[in-house]
Amino acid sequence: MPNLKISLPLLVLVVLHNAAPTHSATATSFIESSCRVTRYPALCVHSLSAYATSIRQSSRQLTQTALSVSLNKSRLAAAFVSNLAKGGAVRGLEYQALKDCIENMGDTVDRLRQSVKELRDLRRTAGGDLLWHLSNVQTWVSAALTDETTCLDGFASRRLDGQVKAVIRRKITLVAQVTSNALALVNHFADKKH
Ligand SMILES: *[C@@H]1O[C@H](CO)[C@@H](O)[C@H](O)[C@H]1NC(C)=O
């Protein structure tokens with residue numbers, strides 16, 4: 001039952017997250033209006049509002065934070081799938097899908113880490129250079145989303161059954177939604193710079 005082991009820390013995280021102090025109305029409404037370009041706006045607001053104080057009304061900071069949230073969630077998910085494989089409880093077809101997923105999630109983490117770094121290094125860049133770096137970020141985040149979707153597809157088969165499939169699909173779906181939101185914010189940021 002890997003399920004139970006992970007639920008408790010997750011619950012604690014959720015509780016801590018919700019207990020974060022409320023932030024200025026302006027910063028929060030900036031996040032809300034920015035999140036309208038995403039596919040999962042409620043999740044977008046939920047995952048970014050804890051950082052309202054540092055985001056203030058900066059699109060760059062908002063984009064940077066969204067990428068960082070996505071990276072951190074991918075890291076947790078990557079660690080989770082690796083641990084599942086180590087337990088020895090997963091066998092057969094599911095083990096094969098799990099091994100592929102571990103590879104996909106490793107690639108996702110690499111690409112998102114690169115993206116966070118690229119955007120952070122952009123602070124002193126402007127003009128054509130900025131657009132070039134931004135287009136790298138767009139490419140990498142988009143590839144990260146593809147990796148996550150590939151993991152999900154690997155667990156879509158009806159021949160796979162049971163808890164492992166359910167728990168992986170739930171976790172990776174959430175990561176993919178957060179990454180999809182980050183990509184929309186990166187794209188929007190890049191459009192504004194054009
Ligand atoms: C992501 O994790 C890093 C390292 O643990 C941390 O410094 C950073 O604040 C986290 N980012 C967000 C948005 O929580």
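The values are calculated or read from the model by the stated rules, or taken from the named source; none is laboratory data. Since the model is a prediction, treat every value here as computed from it, not as a measurement. Backbone-built Cβ (ideal geometry, glycine too); neighbour counts: all protein chains shown. Accessible surface is based on the protein model in full, side chains and every heavy atom, while ligands, DNA and RNA are left aside. Shrake-Rupley method; radii C 1.70, N 1.55, O 1.52, S 1.80 Å.
Using the Cβ of Gln57 as centre and a radius below 14 Å, the other residues enclosed give a net charge of +2, where K and R count +1 and D and E count -1.
Apolar share of the accessible surface for the chain: 55 percent from carbon plus sulfur atoms, 1.4 Å probe.
Taking the chain as a Gaussian network of alpha-carbon nodes connected by springs under 10 Å, the highest mean-square fluctuation of the residues Arg75, Arg111, Arg120 belongs to Arg120.
Under 5 Å from the amide H of Thr38 lies no amide H of any residue 5 or more positions distant or on a separate chain, with H modelled from the backbone and absent for Pro and chain starts. For the cross-link pairs Lys73/Lys171; Lys86/Lys171; Lys86/Lys165; Lys86/Lys117, the ones whose C-alpha atoms lie over 21 Å apart are Lys86/Lys117.
Peptides 47-58, 134-145 ranked from most to least packed by the mean count of surrounding Cβ atoms within 10 Å: 134-145, 47-58. With each label modelled as a point 7 angstrom along the Cα→C-beta vector, the Thr28-Ser157 pair spans 4.7 nm. This model, with +1 at the C-beta of Lys and Arg and -1 at the C-beta of Asp and Glu, gives segment 2-193 a dipole about its Cα centre of some 300 debye.
Give me the Debye-computed log₁₀ of I(q)/I(0) at q = 0.15 Å⁻¹ for the chain, equal point scatterers on Cα only, no solvent, two decimals. So the normalised log intensities are -0.91. Computed from backbone phi, the HN-Hα couplings of segment 89-99 come to 7, 9, 9, x, 4, 5, 5, 4, 4, 5, 4 Hz, rounded to whole numbers (Karplus: 6.51 cos²θ - 1.76 cosθ + 1.60, θ = phi - 60°; Gly and Pro given as x).
Here the Karplus relation 6.51 cos²θ - 1.76 cosθ + 1.60, evaluated at θ = phi - 60°, turns the backbone of segment 172-181 into coupling constants of 6, 4, 4, 4, 5, 5, 5, 5, 4, 4 Hz, with x for every Gly and Pro. With the simple spin-label model, which puts each label point 7 Å out from Cα in the Cβ direction, the Arg56 to Arg91 separation comes to 5.9 nm. In the chain, the DSSP-assigned H stretches of four residues or longer account for a calculated mean residue ellipticity at 222 nm of -28000 deg cm²/dmol, using -39500 (n - 2.57) per stretch and the full residue count as denominator. Near Leu185, once Lys and Arg are set to +1 and Asp and Glu to -1 for all other residues with Cβ below 14 Å from its Cβ, the sum equals +3.
Pull out a ≥ b ≥ c, the square roots of the eigenvalues of the alpha-carbon gyration tensor of segment 79-162, then state rounded if a/c is under 1.5, prolate if not and a/b is larger than b/c, and oblate in the remaining case. Prolate is the answer for segment 79-162, as a/c is 1.5 or above and a/b outweighs b/c. All other residues whose Cβ lies under 13 angstrom from that of Leu98 are scored, Lys and Arg at +1 and Asp and Glu at -1, for a net of +3.
In the chain, with Lys and Arg counted as +1 and Asp and Glu as -1 at Cβ, which of these residues, Gly88, His133, Thr179, has the Cα nearest the positive end of the dipole, that is, farthest along it? The residue sitting most towards the positive pole is Gly88.
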